[in-house]
Amino acid sequence: MADLLECLIKLSEKAGKLARIIRSENTLFKLLVQRKDDIHKNDDSFVHDFKTLGDVLIQEMIRYEIQKQFTNLAERVFGEETNKFTNTLGETVTVSIRPTVSETADVLNKVLNNNKEAAHLLAKALHEEVSMDVGSKVTNLTLQLDLSNIGIWIDPIDGTSEFIKGNEDSTPKDGIYSNGLQCALVLIGVFDTTTGEPVMGVVNQPFAENKDKTWQGRVLWGVCHKDVTASSFSLEATLHDSVDCIVSSAEKEEYTSRLERVGRVCTSSGAGYKMLCVIEQFTDAYFVSRGQTYKWDTCAPHALLKSVGGGIVDFEVTLNKCRKEKDVRLSGREIAYHKPDSEGLDAKNRWSNSGGLVAYRSKETLQKIFDAFL
(Lines give C-alpha, C1' and ligand atoms only; values in the text may rest on other atoms or scores of the structure.)
Protein backbone atom coordinates (compact mmCIF):
# COMPACT_ATOMS: atom_id res chain seq x y z
CA MET A 1 0.00 0.00 0.00
CA ALA A 2 2.78 2.45 0.91
CA ASP A 3 4.61 1.85 -2.37
CA LEU A 4 1.51 2.38 -4.51
CA LEU A 5 0.38 5.46 -2.58
CA GLU A 6 3.84 7.04 -2.80
CA CYS A 7 3.89 6.34 -6.53
CA LEU A 8 0.47 7.94 -7.08
CA ILE A 9 1.29 11.01 -4.97
CA LYS A 10 4.43 11.63 -7.02
CA LEU A 11 2.60 11.02 -10.29
CA SER A 12 -0.11 13.49 -9.26
CA GLU A 13 2.57 16.08 -8.60
CA LYS A 14 4.17 15.37 -11.96
CA ALA A 15 0.75 15.82 -13.55
CA GLY A 16 0.23 19.06 -11.65
CA LYS A 17 3.58 20.38 -12.85
CA LEU A 18 2.68 19.49 -16.44
CA ALA A 19 -0.64 21.35 -16.07
CA ARG A 20 1.23 24.44 -14.82
CA ILE A 21 3.71 24.26 -17.71
CA ILE A 22 0.87 24.05 -20.25
CA ARG A 23 -0.91 27.05 -18.73
CA SER A 24 2.22 29.19 -18.39
CA GLU A 25 3.33 28.81 -22.03
CA ASN A 26 0.70 30.75 -23.99
CA THR A 27 1.86 29.63 -27.43
CA LEU A 28 2.00 26.03 -26.27
CA PHE A 29 -1.39 26.28 -24.58
CA LYS A 30 -3.12 27.45 -27.77
CA LEU A 31 -1.68 24.46 -29.61
CA LEU A 32 -3.04 21.97 -27.10
CA VAL A 33 -6.70 22.92 -27.00
CA GLN A 34 -9.21 20.94 -28.98
CA ARG A 35 -12.94 21.24 -28.48
CA LYS A 36 -14.63 18.05 -27.40
CA ASP A 37 -17.31 16.51 -29.58
CA ASP A 38 -20.83 17.58 -28.70
CA ILE A 39 -21.67 14.00 -27.70
CA HIS A 40 -19.18 14.26 -24.86
CA LYS A 41 -20.85 17.15 -23.07
CA ASN A 42 -21.51 16.72 -19.35
CA ASP A 43 -25.08 17.84 -19.94
CA ASP A 44 -27.16 19.80 -22.44
CA SER A 45 -26.76 23.09 -20.58
CA PHE A 46 -22.99 22.95 -20.61
CA VAL A 47 -22.11 25.30 -23.47
CA HIS A 48 -18.48 24.51 -24.10
CA ASP A 49 -16.53 21.44 -23.10
CA PHE A 50 -12.95 20.90 -24.07
CA LYS A 51 -10.44 18.18 -24.48
CA THR A 52 -6.79 19.09 -24.25
CA LEU A 53 -3.68 17.21 -25.13
CA GLY A 54 -2.77 17.93 -21.52
CA ASP A 55 -5.58 15.59 -20.38
CA VAL A 56 -4.36 12.84 -22.69
CA LEU A 57 -0.68 13.30 -21.79
CA ILE A 58 -1.33 13.18 -18.06
CA GLN A 59 -3.47 10.07 -18.34
CA GLU A 60 -0.96 8.25 -20.54
CA MET A 61 1.98 9.37 -18.38
CA ILE A 62 0.33 7.94 -15.26
CA ARG A 63 -0.46 4.67 -17.05
CA TYR A 64 3.12 4.43 -18.38
CA GLU A 65 4.76 5.10 -15.00
CA ILE A 66 2.47 2.67 -13.18
CA GLN A 67 3.35 -0.02 -15.69
CA LYS A 68 7.06 0.51 -15.00
CA GLN A 69 6.64 0.01 -11.27
CA PHE A 70 3.60 -2.29 -11.10
CA THR A 71 3.72 -4.28 -14.32
CA ASN A 72 0.34 -6.02 -14.21
CA LEU A 73 -1.64 -3.03 -12.99
CA ALA A 74 -1.46 -0.84 -16.13
CA GLU A 75 -4.23 -2.78 -17.90
CA ARG A 76 -6.61 -1.79 -15.11
CA VAL A 77 -5.91 1.94 -15.28
CA PHE A 78 -9.04 3.63 -16.60
CA GLY A 79 -9.86 7.22 -17.46
CA GLU A 80 -12.09 9.67 -19.25
CA GLU A 81 -9.88 10.28 -22.26
CA THR A 82 -8.86 8.11 -25.19
CA ASN A 83 -5.25 8.38 -26.35
CA LYS A 84 -6.31 9.69 -29.76
CA PHE A 85 -5.75 13.35 -30.62
CA THR A 86 -6.54 15.17 -33.86
CA ASN A 87 -4.20 18.01 -34.81
CA THR A 88 -5.15 21.12 -36.77
CA LEU A 89 -4.29 19.37 -40.04
CA GLY A 90 -6.99 16.81 -39.34
CA GLU A 91 -4.52 14.00 -38.65
CA THR A 92 -5.39 11.61 -35.84
CA VAL A 93 -2.37 10.59 -33.78
CA THR A 94 -2.18 7.92 -31.07
CA VAL A 95 -0.49 9.63 -28.13
CA SER A 96 1.88 7.44 -26.13
CA ILE A 97 4.78 7.91 -23.77
CA ARG A 98 7.94 6.36 -25.16
CA PRO A 99 11.07 5.18 -23.25
CA THR A 100 13.13 8.32 -24.00
CA VAL A 101 12.56 12.06 -24.19
CA SER A 102 13.47 12.17 -27.87
CA GLU A 103 11.11 9.32 -28.79
CA THR A 104 8.22 10.91 -26.90
CA ALA A 105 9.03 14.26 -28.53
CA ASP A 106 8.79 12.60 -31.95
CA VAL A 107 5.25 11.41 -31.14
CA LEU A 108 4.22 14.84 -29.83
CA ASN A 109 5.78 16.60 -32.80
CA LYS A 110 3.17 14.95 -35.03
CA VAL A 111 0.36 16.23 -32.81
CA LEU A 112 1.83 19.71 -32.64
CA ASN A 113 2.26 20.18 -36.39
CA ASN A 114 6.06 19.94 -36.29
CA ASN A 115 6.50 22.41 -33.45
CA LYS A 116 9.69 20.78 -32.18
CA GLU A 117 10.28 23.27 -29.39
CA ALA A 118 6.86 22.66 -27.86
CA ALA A 119 7.14 18.89 -28.33
CA HIS A 120 10.52 18.80 -26.56
CA LEU A 121 9.28 21.00 -23.70
CA LEU A 122 6.38 18.63 -23.02
CA ALA A 123 8.44 15.47 -23.50
CA LYS A 124 11.06 16.71 -21.05
CA ALA A 125 8.37 17.42 -18.42
CA LEU A 126 6.83 13.99 -18.96
CA HIS A 127 10.12 12.22 -18.30
CA GLU A 128 11.29 14.31 -15.32
CA GLU A 129 11.67 12.47 -12.05
CA VAL A 130 9.67 13.93 -9.17
CA SER A 131 11.60 14.31 -5.96
CA MET A 132 9.40 14.91 -2.93
CA ASP A 133 9.07 13.74 0.65
CA VAL A 134 5.68 12.05 0.92
CA GLY A 135 5.94 11.90 4.72
CA SER A 136 5.99 9.19 7.36
CA LYS A 137 2.20 8.76 7.29
CA VAL A 138 2.64 7.23 3.85
CA THR A 139 5.84 5.28 4.34
CA ASN A 140 4.59 3.77 7.62
CA LEU A 141 1.56 2.12 6.00
CA THR A 142 2.22 -1.61 6.32
CA LEU A 143 -0.94 -3.18 4.85
CA GLN A 144 -0.31 -5.41 1.83
CA LEU A 145 -2.50 -4.87 -1.25
CA ASP A 146 -3.40 -7.62 -3.70
CA LEU A 147 -2.65 -5.71 -6.91
CA SER A 148 -4.51 -8.29 -8.98
CA ASN A 149 -7.70 -7.14 -7.27
CA ILE A 150 -7.52 -3.36 -7.71
CA GLY A 151 -8.17 -0.87 -10.50
CA ILE A 152 -7.47 2.84 -10.92
CA TRP A 153 -9.69 5.65 -12.17
CA ILE A 154 -7.96 8.82 -13.42
CA ASP A 155 -9.40 12.22 -14.17
CA PRO A 156 -6.28 13.95 -15.55
CA ILE A 157 -7.69 17.48 -15.35
CA ASP A 158 -11.07 17.68 -13.65
CA GLY A 159 -12.63 21.09 -14.21
CA THR A 160 -11.18 21.34 -17.71
CA SER A 161 -13.30 24.37 -18.64
CA GLU A 162 -11.76 26.34 -15.75
CA PHE A 163 -8.31 25.17 -16.83
CA ILE A 164 -9.03 26.41 -20.34
CA LYS A 165 -10.45 29.79 -19.22
CA GLY A 166 -7.50 30.31 -16.89
CA ASN A 167 -9.10 32.85 -14.54
CA GLU A 168 -6.37 33.76 -12.03
CA ASP A 169 -8.33 36.47 -10.20
CA SER A 170 -11.18 34.51 -8.68
CA THR A 171 -11.88 35.43 -5.03
CA PRO A 172 -13.18 32.85 -2.57
CA LYS A 173 -16.28 33.34 -0.45
CA ASP A 174 -16.22 31.47 2.85
CA GLY A 175 -13.24 29.50 1.49
CA ILE A 176 -15.01 28.43 -1.74
CA TYR A 177 -14.04 29.52 -5.26
CA SER A 178 -17.03 29.70 -7.60
CA ASN A 179 -14.67 29.45 -10.58
CA GLY A 180 -11.03 29.86 -11.55
CA LEU A 181 -7.91 27.78 -11.88
CA GLN A 182 -8.26 26.66 -8.27
CA CYS A 183 -11.19 24.46 -9.42
CA ALA A 184 -8.98 22.39 -11.76
CA LEU A 185 -7.76 19.19 -10.08
CA VAL A 186 -5.88 15.97 -10.85
CA LEU A 187 -7.80 12.98 -9.45
CA ILE A 188 -6.39 9.45 -9.03
CA GLY A 189 -8.60 6.88 -7.31
CA VAL A 190 -7.93 3.23 -6.49
CA PHE A 191 -10.81 0.76 -6.11
CA ASP A 192 -11.41 -2.91 -5.31
CA THR A 193 -12.36 -4.65 -8.56
CA THR A 194 -14.48 -7.24 -6.72
CA THR A 195 -16.55 -5.02 -4.42
CA GLY A 196 -16.18 -1.68 -6.22
CA GLU A 197 -15.26 0.04 -2.96
CA PRO A 198 -12.80 2.97 -3.07
CA VAL A 199 -9.51 2.00 -1.43
CA MET A 200 -7.18 4.94 -1.92
CA GLY A 201 -7.39 8.44 -3.38
CA VAL A 202 -5.01 11.23 -4.34
CA VAL A 203 -6.27 14.75 -5.10
CA ASN A 204 -3.77 17.24 -6.52
CA GLN A 205 -4.66 20.92 -6.80
CA PRO A 206 -2.04 22.29 -9.25
CA PHE A 207 -3.22 25.88 -8.88
CA ALA A 208 -3.78 26.08 -5.15
CA GLU A 209 -2.00 29.39 -4.53
CA ASN A 210 -0.42 32.10 -6.63
CA LYS A 211 2.70 33.46 -4.94
CA ASP A 212 4.60 36.24 -6.71
CA LYS A 213 2.91 35.31 -10.01
CA THR A 214 4.00 31.68 -9.64
CA TRP A 215 1.41 28.98 -9.09
CA GLN A 216 2.02 26.41 -6.36
CA GLY A 217 0.12 23.16 -5.89
CA ARG A 218 -0.76 20.85 -3.04
CA VAL A 219 -1.68 17.19 -2.57
CA LEU A 220 -4.26 15.51 -0.35
CA TRP A 221 -4.67 11.75 0.02
CA GLY A 222 -6.74 9.21 1.89
CA VAL A 223 -6.69 5.43 2.45
CA CYS A 224 -9.58 3.23 3.56
CA HIS A 225 -9.07 -0.51 3.22
CA LYS A 226 -10.04 -3.30 5.60
CA ASP A 227 -9.21 -1.98 9.08
CA VAL A 228 -6.74 0.65 7.87
CA THR A 229 -7.76 4.30 7.53
CA ALA A 230 -5.30 7.15 7.10
CA SER A 231 -5.24 10.56 5.47
CA SER A 232 -3.06 13.61 4.93
CA PHE A 233 -5.61 15.73 6.83
CA SER A 234 -7.04 15.16 10.28
CA LEU A 235 -10.05 17.44 10.55
CA GLU A 236 -12.88 15.91 12.55
CA ALA A 237 -16.33 16.41 11.07
CA THR A 238 -17.98 19.51 12.53
CA LEU A 239 -21.74 19.19 13.02
CA HIS A 240 -24.17 22.11 12.66
CA ASP A 241 -27.88 22.55 13.16
CA SER A 242 -28.11 23.57 9.50
CA VAL A 243 -26.59 21.69 6.57
CA ASP A 244 -24.93 23.69 3.79
CA CYS A 245 -24.67 22.20 0.31
CA ILE A 246 -22.65 22.91 -2.81
CA VAL A 247 -24.15 22.22 -6.24
CA SER A 248 -23.61 22.85 -9.94
CA SER A 249 -25.04 26.08 -11.35
CA ALA A 250 -27.07 23.80 -13.66
CA GLU A 251 -28.82 22.01 -10.77
CA LYS A 252 -32.61 22.08 -11.01
CA GLU A 253 -34.49 24.54 -8.80
CA GLU A 254 -36.87 21.84 -7.59
CA TYR A 255 -33.90 20.23 -5.81
CA THR A 256 -32.07 23.34 -4.60
CA SER A 257 -35.28 24.65 -3.02
CA ARG A 258 -35.49 21.44 -0.98
CA LEU A 259 -31.88 21.78 0.09
CA GLU A 260 -32.49 25.39 1.15
CA ARG A 261 -34.90 24.04 3.76
CA VAL A 262 -31.95 22.67 5.74
CA GLY A 263 -29.22 25.22 5.02
CA ARG A 264 -27.44 27.47 2.54
CA VAL A 265 -26.78 26.41 -1.05
CA CYS A 266 -23.84 27.69 -3.09
CA THR A 267 -22.47 26.88 -6.55
CA SER A 268 -19.00 26.19 -7.90
CA SER A 269 -17.22 24.67 -10.88
CA GLY A 270 -15.67 21.22 -11.16
CA ALA A 271 -17.07 18.07 -9.57
CA GLY A 272 -13.74 17.24 -7.94
CA TYR A 273 -13.38 20.72 -6.50
CA LYS A 274 -16.88 20.65 -5.01
CA MET A 275 -16.01 17.37 -3.27
CA LEU A 276 -12.75 18.92 -2.07
CA CYS A 277 -14.82 21.66 -0.43
CA VAL A 278 -16.73 18.94 1.45
CA ILE A 279 -13.50 17.18 2.43
CA GLU A 280 -12.11 20.43 3.86
CA GLN A 281 -15.45 21.34 5.46
CA PHE A 282 -16.04 24.60 3.65
CA THR A 283 -19.48 23.09 3.10
CA ASP A 284 -21.27 20.06 4.52
CA ALA A 285 -22.29 18.17 1.38
CA TYR A 286 -22.17 18.08 -2.41
CA PHE A 287 -25.45 17.30 -4.14
CA VAL A 288 -26.12 16.11 -7.71
CA SER A 289 -29.63 15.05 -8.75
CA ARG A 290 -28.76 13.24 -11.99
CA GLY A 291 -25.96 11.56 -13.93
CA GLN A 292 -23.68 14.56 -14.41
CA THR A 293 -20.62 13.00 -12.76
CA TYR A 294 -18.58 9.94 -13.65
CA LYS A 295 -16.58 7.24 -11.89
CA TRP A 296 -13.32 9.03 -12.69
CA ASP A 297 -14.69 12.20 -11.03
CA THR A 298 -15.67 10.60 -7.75
CA CYS A 299 -13.37 7.64 -7.03
CA ALA A 300 -10.45 9.62 -5.55
CA PRO A 301 -12.52 12.09 -3.46
CA HIS A 302 -14.70 9.18 -2.29
CA ALA A 303 -11.66 7.45 -0.82
CA LEU A 304 -10.63 10.65 0.98
CA LEU A 305 -14.12 11.10 2.41
CA LYS A 306 -14.32 7.45 3.45
CA SER A 307 -10.97 7.70 5.23
CA VAL A 308 -12.49 10.23 7.65
CA GLY A 309 -15.90 8.62 8.13
CA GLY A 310 -17.76 10.16 5.20
CA GLY A 311 -18.70 8.85 1.79
CA ILE A 312 -20.68 9.29 -1.42
CA VAL A 313 -24.10 7.69 -1.86
CA ASP A 314 -26.28 7.21 -4.94
CA PHE A 315 -29.00 9.84 -4.50
CA GLU A 316 -31.83 8.09 -6.35
CA VAL A 317 -31.27 4.62 -4.91
CA THR A 318 -30.81 5.96 -1.38
CA LEU A 319 -33.89 8.19 -1.60
CA ASN A 320 -36.07 5.29 -2.74
CA LYS A 321 -34.81 3.12 0.12
CA CYS A 322 -35.26 5.94 2.62
CA ARG A 323 -38.90 6.29 1.62
CA LYS A 324 -39.31 2.68 2.72
CA GLU A 325 -37.01 2.55 5.73
CA LYS A 326 -36.93 6.21 6.85
CA ASP A 327 -33.35 5.94 8.06
CA VAL A 328 -30.46 6.78 5.72
CA ARG A 329 -27.99 5.17 8.09
CA LEU A 330 -29.54 1.85 7.13
CA SER A 331 -30.35 2.75 3.52
CA GLY A 332 -27.45 4.69 2.05
CA ARG A 333 -25.92 2.93 -0.94
CA GLU A 334 -22.34 3.98 -1.51
CA ILE A 335 -21.26 4.46 -5.12
CA ALA A 336 -19.23 1.55 -6.52
CA TYR A 337 -16.52 1.69 -9.19
CA HIS A 338 -16.10 -1.79 -10.65
CA LYS A 339 -19.04 -1.87 -13.06
CA PRO A 340 -21.19 0.66 -14.93
CA ASP A 341 -24.53 1.82 -13.58
CA SER A 342 -26.10 1.51 -17.02
CA GLU A 343 -25.08 -0.93 -19.75
CA GLY A 344 -27.22 0.55 -22.52
CA LEU A 345 -25.48 3.93 -22.86
CA ASP A 346 -22.52 5.02 -24.96
CA ALA A 347 -18.95 4.24 -23.91
CA LYS A 348 -18.62 7.33 -21.71
CA ASN A 349 -22.09 7.74 -20.22
CA ARG A 350 -22.33 4.12 -19.12
CA TRP A 351 -19.77 5.09 -16.44
CA SER A 352 -21.84 8.00 -15.15
CA ASN A 353 -23.13 8.06 -11.59
CA SER A 354 -26.57 7.85 -13.17
CA GLY A 355 -28.65 8.24 -10.02
CA GLY A 356 -26.97 11.45 -8.90
CA LEU A 357 -25.06 11.58 -5.62
CA VAL A 358 -24.60 13.09 -2.19
CA ALA A 359 -21.03 13.46 -0.90
CA TYR A 360 -20.83 13.96 2.86
CA ARG A 361 -18.48 14.04 5.87
CA SER A 362 -20.93 12.70 8.49
CA LYS A 363 -23.97 10.40 8.59
CA GLU A 364 -25.87 13.06 10.55
CA THR A 365 -25.43 15.47 7.63
CA LEU A 366 -26.60 12.79 5.21
CA GLN A 367 -29.72 12.11 7.26
CA LYS A 368 -30.72 15.80 7.30
CA ILE A 369 -30.33 16.10 3.53
CA PHE A 370 -32.56 13.12 2.82
CA ASP A 371 -35.07 14.31 5.42
CA ALA A 372 -35.57 17.35 3.16
CA PHE A 373 -36.78 15.02 0.38
CA LEU A 374 -39.04 12.78 2.44
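General remarks:
- Gap separating the Cα centres of segment 158-219 and segment 72-108, nearest whole Å: 23
- Each DSSP beta bridge with both residues in the chain is either parallel or antiparallel, and the antiparallel ones are about 85%.
- The chain - percent of accessible surface contributed by carbon and sulfur, probe 1.4 Å: 45
- Value of relative contact order over the chain, rounded to a whole percent, pairs C-alpha under 8 Å and six or more apart: 16
- Listed by chain and number, the aspartates and glutamates whose alpha-carbon sits under 15 Å from that of residue 211, ignoring those within fewer than 8 places in the same chain, are 168, 169.
- If you take all other residues with their beta carbon under 14 Å from the beta carbon of residue 96, and give Lys and Arg +1 and Asp and Glu -1, the sum is 0.
- Shape class of segment 199-278 from the alpha-carbon gyration tensor: oblate, with a/c at 1.5 or above and b/c at least as large as a/b.
- Listed pairs 165/295; 10/137; 339/363; 165/274; 68/116 exceeding 20 Å between Cα atoms: 165/295; 339/363; 68/116
- Residue-averaged [θ]222 nm for the chain, counting only DSSP H segments that reach four residues, each worth -39500 (n - 2.57): -10500 deg cm²/dmol
- Counted as membrane-span-like here are DSSP H helices of the chain whose alpha-carbon atoms extend 30 Å or more along the helix's own axis and whose Kyte-Doolittle mean is 0.5 or above; there are none.
- Length released on extending from residue 74 to residue 142, taking residue separation times 0.36 nm less the Cα-Cα span: 22.2 nm
- The residues of the chain have, on average, 44 Å² of accessible surface per residue, using a 1.4 Å probe with all protein chains present.
- Using the average count of surrounding beta-carbon atoms within 10 Å as a protection proxy, the listed peptides 162-170, 296-304, 120-128 rank, highest first, as 296-304, 120-128, 162-170.
- Shape of the chain, Cα gyration tensor, a/c cut at 1.5: prolate
- Spin-label zone in segment 113-140 - amide nitrogen under 18 Å from a point set 7 Å from the Cα of residue 216 along the C-beta vector: 131-135
- The convex hull drawn around the Cα atoms of segment 335-374, when projected onto a plane and averaged over every direction, covers 3.8 nm².
- Accessible area (Å², 1.4 Å probe, nearest 10) - residue 251: 20
- Full extension of the chain between residue 106 and residue 131 gives 6.4 nm of extra length, using 0.36 nm per residue less the Cα-Cα distance.
- Additional length obtainable on full extension of the chain from residue 363 to residue 241, 0.36 nm per residue less Cα span: 42.6 nm
- Shape call, segment 154-310: gyration tensor on alpha carbons, a/c limit 1.5: rounded
The values are calculated or read from the model by the stated rules, or taken from the named source; none is laboratory data. All values derive from a computational prediction rather than experimental measurement. Glycine gets a Cβ as well: all are built from the backbone with ideal geometry, and neighbour counts include every protein chain shown. Surface accessibility is based on the protein's heavy atoms, side chains included, excluding ligands, DNA and RNA. Shrake-Rupley method; radii C 1.70, N 1.55, O 1.52, S 1.80 Å.
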